[in-house]
Amino acid sequence: MKIKPLHDRIVVEAAPKEEKSAGGIILPDTAQEKPQRGKVLAVGPGKRLDSGQLAPVDVKVGETVLYGKYGGTEVEVDGQDYVILRAEDILAIVSGVREPAGAGAR
């Protein structure tokens, strides 16, 4: 990866948008919601505290996380879309959930 986050920033690959509703209805682009889940691709070293110590980030590369709908900054690098978040924008770490079919393959 060509992105190296600084401080307490985290680079996340957002999960693909849901193209079908739970009932099987195909959703048009205008009705698809922005994903709030993604896979952590890179983590910065941590935030520097007033005392000078480094506070490490709680998430690790490879974990699946939930973040706020409007959190972070969306960027495109080499045709890939990423979200760069602060550690405080991460709401939860998801464990024991399988990735949807086709996740990661674009």
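Quick look at the values:
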quantity: Total formal charge among the other residues, if their Cβ is under 9 angstrom from that of ALA42, Lys/Arg +1 and Asp/Glu -1; calculated: +2
quantity: Over 21 Å (Cα to Cα) - which of LYS39/LYS60; LYS39/LYS69; LYS47/LYS69 fall in this group; calculated: LYS47/LYS69
quantity: Peptides ranked, highest mean first, by Cβ atoms within 10 Å: ranges 37-44, 8-15; calculated: 8-15, 37-44
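Where a number appears in this text, it was derived from the coordinates with a stated rule and is not lab data. Computed from a predicted model, the values in this text were never measured in an experiment. Cβ sites come from the backbone with ideal geometry, for glycine too, and all protein chains shown count toward neighbours.
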